[in-house]
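Have a look at the structure below, then the notes.
The values are calculated or read from the model by the stated rules, or taken from the named source; none is laboratory data. Keep in mind that what you see is a predicted model, and the values were worked out from it rather than measured. Please note: Cβ atoms are built from the backbone with ideal geometry, for glycine as well, and neighbour counts cover all protein chains shown.
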Amino acid sequence: MELLSVIPIQFLHGLVYGMLLFLVASGLTLIFGMMGVLNFAHGALYMLGAYFSYSILRWTGQFWLSMIVAPVLVGAMGILIERFLLRKVHRFGHAHELLLTFGLAYIIEELVKWIWGNQPLHVEIPAMLSGSIQFLDITYPTYRLFILLISVAVFTVLFLILYKTRAGIIVTAAVTRSEMVNALGINVPLVFMLLFGVGGALAGLAGVIGGPYLITNPGMAATIIIDLFVVIVVGGMGSLQGALLASFLIGELQSFGILLVPQMAVALEFLLMAVVLIVKPEGLLGDKA
């Protein structure tokens, strides 16, 4: 009976972490899954969002302002990285992208340590998001439910833009048929640059929201980056719905893995990835090449 009473809480823990993971992975889905650009620095952009939010909160005391300003700053950094660095090496393949973005991630991490220090930082959340909410005989922190709400909202907006608007059609066409789209007079490099900026902004937003939840520290980028690539592989390259499903599965695997088989909890997501690659190499919701 004691185990049964814990299951709803563990499910919510896994759901919240999974949706936060999706919020970060959604940006990487655009950059790596759709554009085919291997960006190992995506986790570092997520970390920058958390640290920018921390500083904005210290200067202004406005959490909601940090939710706007920090993603914009990170998105602008993403645009600069694509325009002046990644665009130069993209034609040489993933090996060059990996080396470049790995170096960027390392540089950003060291800059964070230099500017903000090595110690974890406590980020205050608004009073309206503190405390807990009781429903269905469960008491659960309000802020974690807020993470869930924001992640669902981001998925809905991205889905509508990508699949129901002209801008989404242009983006999809630019990714799959770039020469044809360029011949129609659309500036494909500009589309890619803006898409990279949106991906960076989503990582920054995830950092703002995830900072108070997972603790803002210089190791948060390295902690999440592997999970991100597992999400992309398991869900399917370029599939937003696949990223959502994979994030949910990984969140629940980690949550219940820690409860039931703590020695194997870390390995469960890699076991899932191995099974998916064997049974359905294109990912759960990915399209066959």
### Filter pass, Arg58 being farther than 25 Å from Leu195 by Cβ and of a type in the set (D, E, K, R)
yes
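Counting just the residues of region 34-47 that are in a helix (DSSP H, G or I) and either small (Gly, Ala, Ser) or surrounded by fewer than 24 Cβ atoms within 10 Å (Cβ to Cβ) (or both), which one comes out nearest to the chain's Cα centre (by Cα)? Let's see the steps before the verdict.
The first filter runs over region 34-47 and keeps only residues in a helix (DSSP H, G or I), leaving 34, 42-47.
Then drop every residue that is not either small (Gly, Ala, Ser) or surrounded by fewer than 24 Cβ atoms within 10 Å (Cβ to Cβ) (or both), which leaves 34, 43-44.
On the way: Met34: 14, Gly43: 8, Ala44: 11 Å.
Filtering first and then ranking leaves Gly43.
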The correct count of residues that are within 20 Å of Ile125 (Cα to Cα), exposed (fewer than 14 other Cβ atoms within 10 Å of the Cβ) and of a type outside the set (Ser, Thr, Tyr) in region 51-101 is 6
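Residue under question is Thr139, and the condition is that it be of a type outside the set (A, V, I, L, M, F, W, C), under 22 Å from Gly27 (Cβ atoms) and at pLDDT below 90; does it hold?
Judged against the criteria, Thr139 is not a match.
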Flagged pairs (Cβ under 9 angstrom, 6 or more apart or on separate chains; first in region 207-227, surrounded by fewer than 18 Cβ atoms within 10 Å (Cβ to Cβ); second among the charged types (D, E, K, R) and part of a helix (DSSP H, G or I)) are Gly219/Glu109; Ala222/Glu109; Ile226/Glu269
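With the requirement that a residue be without any contact (Cβ under 8 Å) to a residue 12 or more places away in the chain and not acidic (Asp, Glu), what does region 129-142 give you?
Result: Gly131, Ser132, Gln134, Phe135, Thr139, Pro141.
Conditions tested, residue by residue: (1) within 20 Å of Tyr46 (Cα to Cα); (2) touching a strand residue (DSSP E or B) at 6+ places or on another chain (Cβ under 9 Å); (3) among the small types (Gly, Ala, Ser); (4) not in a helix (DSSP H, G or I).
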{"position": "Tyr140", "(1), (2), (3), (4)": "no, yes, no, yes"}
{"position": "Leu160", "(1), (2), (3), (4)": "no, no, no, no"}
{"position": "Gly185", "(1), (2), (3), (4)": "no, no, yes, yes"}
{"position": "Gly199", "(1), (2), (3), (4)": "yes, no, yes, no"}
{"position": "Leu205", "(1), (2), (3), (4)": "yes, no, no, no"}
Residue set Ile107, Ile31, Ile81; condition among the β-branched types (Val, Ile, Thr), assigned to a helix (DSSP H, G or I), modelled with pLDDT under 90 and under 19 Å from Ala221 (Cα atoms); output residue Ile31
- Query: Can we say Leu100 is touching a helix residue (DSSP H, G or I) at 6+ places or on another chain (Cβ under 6 Å), over 16 Å from Pro212 (Cα atoms) and either hydroxyl-bearing (Ser, Thr, Tyr) or without any contact (Cβ under 8 Å) to a residue 60 or more places away in the chain (or both)?
  - Reply: yes
Of the listed residues (Ala274, Ala289), the one being surrounded by fewer than 19 Cβ atoms within 10 Å (Cβ to Cβ), among the small types (Gly, Ala, Ser), farther than 14 Å from Gln10 by Cβ and at pLDDT below 90 is Ala289
Within region 244-259, the residues that are out of contact with any Leu (no Cβ under 8 Å at 6 or more places or on another chain) and crowded, with 23+ Cβ neighbours inside 10 Å are Leu244
Restricting region 119-138 to residues that are among the aliphatic types (A, V, I, L, M) and outside any loop (DSSP other than H, G, I, E, B), the one farthest from Leu12 (Cα to Cα) turns out to be Leu121
Scanning region 107-122 for residues that are out of contact with any helix residue (DSSP H, G or I) (no Cβ under 7 Å at 6 or more places or on another chain) and within 17 Å of Ala203 (Cβ to Cβ), the one surrounded by the most Cβ atoms within 10 Å (Cβ to Cβ) turns out to be Leu111
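Yes/no matrix, rows are residues, columns are (1) modelled with pLDDT under 90; (2) of a type in the set (Gly, Ala, Ser):
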residue	(1), (2)
Ala174	yes, yes
Ile186	yes, no
Val191	yes, no
Gly219	no, yes
Ile224	no, no
Met237	yes, no
Taking region 29-78 and keeping only residues that are closer than 21 Å to Arg91 by Cβ and among the aliphatic types (A, V, I, L, M), one is left with Leu30, Ile31, Met34, Met35, Val37, Leu38, Ala41
Note: among Gly27, Gly93, just one is under 23 Å from Gly236 (Cβ atoms) and free of Cβ contacts under 8 Å to residues at least 12 places away in the same chain, namely Gly93
Checked Ala203, Ala167, Ala174 against criteria (surrounded by 15 or more Cβ atoms within 10 Å (Cβ to Cβ), within 22 Å of the chain's Cα centre (by Cα) and not aromatic (Phe, Trp, Tyr)); the one match is Ala203
